[in-house]
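Throughout, read-outs are computed from the coordinates displayed, never taken from laboratory work. Note that the coordinates shown come from a computational prediction; the quantities given were computed from them, not determined experimentally. With ideal geometry, Cβ positions are generated from the backbone for all residues, glycine too; neighbour counts draw on all protein chains shown.
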Amino acid sequence: MTTTAARAEVPPRPTFAQKVMALPSRAAPFFSGPVGLAIKIFLLALVNALAVWAAIVLADEGKWAAVAVLAVTTFLIDLAYLTRRALPLKFLIPGTVLMIAFQVVPILYTVNVAFTNYSTGHILSKDQAIVGIKGNSLAPPPDGKSYLMAPARDADGALVLLLVDEDTGNTFVGTTEELRPIERSSVEVDDLGIVSAEGYTLVKGPELVTLDRELTAYTVPTSGDAAIRPEGLDTAVELAPTLRYQPARDQFTRIADGVVFTDNEKGSFTARSGEELEPGWKTNIGFANFDKILHNPLVRDPFLRVFVWTFVFAFLAVLISFVLGLLLAITLDKPDMHFLRTYRVLLILPYAIPGFLSLLVWQGLLNDDFGVVNKLLHIDVPWLFDSNWAKVSVILVSVWLTSPYFFLISLGALQSIPTELKEAARVDGGGPWQVFRKVTLPLLLIVVGPLLIASFAFNFNNFGNIYFLTGGGPQSSDQTTAGDTDILISYTYKIAFASGKGQDYGLASAIALIIFFIVATISSLAFWRTNALENIR
Amino acid sequence: MSRRTAFGALVVVVMLGMVAAAVPASGAVSGTVATSGSLRIWTDKDRRADIERIATAWGSRRGVTVEVVEKNFGDIRDQLKTVAPATAPDVIIGAHDWTGQLAADGLVLPLSPKKATLKQFPKYALDAFSYGTAVKRLYGSPVALENVGLVVNTRLATVPKTWASLQKQALAFKKKSPDNLAIAVPQAPAGDAYHMYPFFSGLGGFVFARNKAGNLNPRVIGVANPVFLKNAPMIDAWDRLGLINSKVNYDTAKNAFLKGQAAFWVTGPWEADTLRSSGLSFRIVQVPKIKFRSVPFLGVQGFMVTRFANSHGVATLAKDLVASYIMLPASQRALAAANGRFPANTVAGKQVNNPVLAQFGRAGVGGVPMPNIPQMSSVWEELGGAWLKATNGTSTAARPTFATAARNIRNKIG
């Protein structure tokens, strides 16, 4: 456009940095042309292709409501990008979609799970559970036989089972109607099983593979309820049901003693005695998980202690990290210092290493008999084995991990504070401390305040720090399952994933919801405070 | 307007093209329909190659294609609960102590191998994979056995026949240098009830009692049974003398033994290669009887058929592979060797000519299979934690510590 004019002026050669900085403004015209259009069409087509693929999968599973929602949303997205109207929407959509996918959906899912019994023994649907109970409760009758087996076709082409009694060697043909003895000499058997039988053709190779569903359902009735069922492709076993399901009454009856197992509305068939059939199923159980939190001594007894320590831990970890980070930032905020870059890089290093690695390394360093810390300093501090020292260790390591973050933030914030303000304060006769206290810190807090709150909320749920460093230990003197350094989230893990029958996602979600409300309350109070701070300005 | 229409038409055409390209490529769509004739197996990394070889040999005999998917061992159990049916495995490799959880979840199918096959397996290995509150059924085919033993450095100590001899030698060795450990057994940082089990059973401890039917009863917990509590003061003495130090973690214990800073090490066959290549002269025995036989926990690994095999239409095929083919001596030998373990099949076991594995096997005689009922998840941390606290050198009395652990376990089981 104005290239000729620009050439006439002969501007100074742009530096590399200037070139890089100019890229976005040069990119805009480039991407508004046909290239941009092509990219737009490609991306939209990709979105639509994904939607069609998702729709096919959803339709296949019969989730029609989801298909409808998907179709409408995809159409609206296409509309937004293909029309010239609704410019703000074009920028909002990607963010909104990602927010729904990664924030809203998990929260809704957690809320949903909190009201169910989703846990070990309760993960199937009721129909699947009934099938499972029927399968698990088949048992060999007192003198139950087991057979070598080979699927075969009789002269009419019907599927039969050739059977050789494992104990006696007697030979039979099993059909869906009866078990019929046949001449022993007519069946040839070797090490690998039945080889051939007169009058029957053995089913082999690819055909055998296609018979799976038919064989799974195949039963050869023997006496009473007992029947011979194929178990694999060369074995058949006589099994009899020990429970009988009555669909009309929705209950199981034990054949041996007539005990009735009814739906207990909590996802299991149970007898009066409390005996429970496995598997159970996933179902809505209302507020039972919240009730458990209030009344189960496992959760209730240590709750207050754990809650207070969670608060103390999160508060101290953030406060000390911030103070240390700020001190370092003030110290290194001197452009004329030697080796400035080296110092900064060294300070940021802990932040650059994955947290759990540092935590595992620290766990080794702090071991009180074999750890480097005690050996180098010639001291004997029980860093991880004494309850108070373990608390100190957890906070110290958190400070090591997070102060670089606050160093970075503070350094940026300090450099953004106009020097005129500080100079003005100095001219007015303020000492360095006064200038810091009255000018620098308030301005700094406006920037850093929300980050402090976010960091507090993060540390409140800092599962990794506790789990990898102390595992919540040492065991507490109040004789509960919560260790002395357990915070709410690590304790939740213990009671939801290392107790009962293994995993209790329902209970875990219920506790997670409660923690969510605690953190939300604290955060909103704190944000309200920082808003007040901003108004002062 | 006409430009717009043309543009719109272009878009539609391109999009349809994309869709046409995407659908066949996705593969997941075809996965939702029945995949008869193809079997999916989840395995860990160690055994992947051998499982692939064995399953493919079986598959070509049966005319079935086998897809082997590699997972972290622990993920196999956890992901089975959440996996989408279309991509779910038909067969998994697993540890016997998952049996209770997976069966209670309804995720695995009961198996009925031939009687002749069952006779080739030790009863405890089959028991280890059996579960049921009402009807006890077999849910897995055992493949490999493992247990810890006491590894003795025979240059530094003589193989102890009695507990007193072990204690005397260990403490005398420890006195020689401040860097020495008496008995190197890992516990730090979170406790290790598995490695500590010989000492626990030697003092009369057990986890769950068995009822008349032979099933483990989660209501009767033996962590603080009267006999064990009576013997518990011995732990206080060990702690005072430094015989067992809970600040030792896995690497500390291993390095101490390999560097000659410990004459006794409690470990299992997963270290067999390390031991063989260490150049040390060693022997592996059972921990000598304390008050009772100091037997270790027994671990059994094996294969299970998942409920998805039914919906994929490959249940009989999966059972044929797991309950028949994999239980054959030849398959057993290859699979156990792939992982450096002793095979569960006794016929295959007789053909194993590996003195280290054989010594570990003898160290496990009379051992207790890790309880396979789901309630065991309430036990590990508490039992390990009690040992951790009782042997950390701070003269915490063992008796109340184990009593607390037992109470916590009871609360956790609920």
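Per DSSP H run of at least 4 residues, take -39500 (n - 2.57); add these up for chain B, divide by its residues and hand me the 222 nm value, nearest 500 deg cm²/dmol.
-12500 deg cm²/dmol
Using Cα centres only, tell me the gap between segment B:117-134 and segment A:199-220 in whole Å.
Cα centres, segment B:117-134 to segment A:199-220: 28 Å.
Classify segment A:299-536: rounded, prolate or oblate, from the alpha-carbon gyration tensor (a ≥ b ≥ c, eigenvalue square roots; a/c under 1.5 rounded; otherwise prolate if a/b is larger than b/c)?
It comes out oblate by the Cα gyration axes.
Quick query: amide H of A:Val189 versus all other amide H atoms, modeled in the peptide plane; which residues come in under 5 Å with a sequence gap of 5 or more or a different chain?
Close amide H contacts, sequence-distant or interchain: A:Val195.
Sequence neighbours fewer than 8 away in the same chain don't count; with that in mind, list the aspartates and glutamates whose C-alpha is under 14 Å from B:Lys259.
Hits, sequence-local ones excluded: B:Asp179, B:Asp251.
Please list, in order along segment B:218-224, the HN-Hα scalar couplings obtained from phi with the Karplus expression 6.51 cos²θ - 1.76 cosθ + 1.60 (θ = phi - 60°), rounded to whole Hz, x for Gly and Pro.
Along segment B:218-224, the couplings run x, 8, 10, 9, x, 5, 10 Hz.
Gap in Å between the Cα centre of segment B:148-225 and the Cα centre of segment A:349-383?
28
For each pair in A:Lys266/A:Lys501; A:Lys63/A:Lys90; B:Lys136/B:Lys350; A:Lys375/B:Lys230; B:Lys291/B:Lys350; A:Lys334/A:Lys391, compute the distance between the two Cα atoms and list the pairs where it is over 27 Å. Mind dumping the intermediate values first?
On the way: A:Lys266/A:Lys501 16 Å; A:Lys63/A:Lys90 29 Å; B:Lys136/B:Lys350 29 Å; A:Lys375/B:Lys230 38 Å; B:Lys291/B:Lys350 32 Å; A:Lys334/A:Lys391 35 Å.
In this structure, A:Lys63/A:Lys90; B:Lys136/B:Lys350; A:Lys375/B:Lys230; B:Lys291/B:Lys350; A:Lys334/A:Lys391 exceed 27 Å between Cα atoms.
As a check on your grasp of the helix formula, calculate [θ] at 222 nm for chain A: sum -39500 (n - 2.57) over DSSP H runs of n ≥ 4, divide by the residue count, round to the nearest 500.
-18000 deg cm²/dmol
Chain A: longest stretch without exposed chymotrypsin sites (Phe, Trp or Tyr not before Pro) (DSSP loop, at most 14 other Cβ within 10 Å), sites themselves excluded?
A:1-286
What FRET efficiency comes out for B:Arg219 versus A:Thr262 if R0 is 25 angstrom and r is the Cβ-Cβ distance? Round to the nearest 0.05.
0.60
For a Förster distance of 22 Å, can you work out the FRET efficiency between the beta-carbons of A:Asp301 and A:Ser523, rounded to the nearest 0.05? Could you put the intermediate results ahead of the total?
On the way: r = 28 Å, r/R0 = 1.26.
E between A:Asp301 and A:Ser523, to the nearest 0.05, is 0.20.
Could you give each residue of segment B:81-86 its phi-based ³J(HN,Hα) in whole Hz, using Karplus coefficients 6.51, -1.76, 1.60 with θ = phi - 60°, and x for Gly or Pro?
Going residue by residue, I get 6, 10, 5, 6, x, 5 Hz, with x marking Gly and Pro.
Check A:Leu243: other-chain or 5+ apart residues with amide H under 5 Å from its amide H, H built from backbone geometry?
Excluding prolines and chain starts, which carry no amide H, the hits are A:Ile255.
Could you give the length gained by full extension between B:Arg240 and B:Thr82, i.e. 0.36 nm per residue of separation minus their alpha carbon distance, to one decimal place?
Result: 52.1 nm gained on full extension.
Please check chain A for the longest run free of GluC sites (Glu not before Pro) that are loop-located per DSSP (anything but H, G, I, E, B) and have at most 11 other Cβ atoms within 10 Å.
Result, exposed sites excluded: A:266-537.
Return the sequence-ordered ³J(HN,Hα) values of segment A:309-325 in whole Hz as given by the Karplus equation 6.51 cos²θ - 1.76 cosθ + 1.60 applied to θ = phi - 60°, using x for Gly and Pro.
So the J values, rounded to whole Hz, are 5, 4, 4, 4, 4, 5, 5, 5, 4, 6, 4, 5, 4, 5, 4, 5, x.
Quick check: pseudo-label points 7 Å beyond the Cα along Cα→Cβ at A:Ala155 and B:Arg155, how many nm apart are they?
Modelled inter-label distance: 8.0 nm.
Indicate the gyration tensor shape class of chain A (rounded, prolate or oblate), computed on the Cα atoms with a ≥ b ≥ c the square roots of the eigenvalues: a/c under 1.5 is rounded; otherwise a/b larger than b/c is prolate and the rest oblate.
prolate
By its C-alpha gyration tensor, with a ≥ b ≥ c as the square roots of the eigenvalues, how is the protein assembly as shown shaped: rounded for a/c under 1.5, else prolate for a/b larger than b/c, else oblate?
On the way: a/c = 1.99, a/b = 1.25, b/c = 1.59.
It comes out oblate by the Cα gyration axes.
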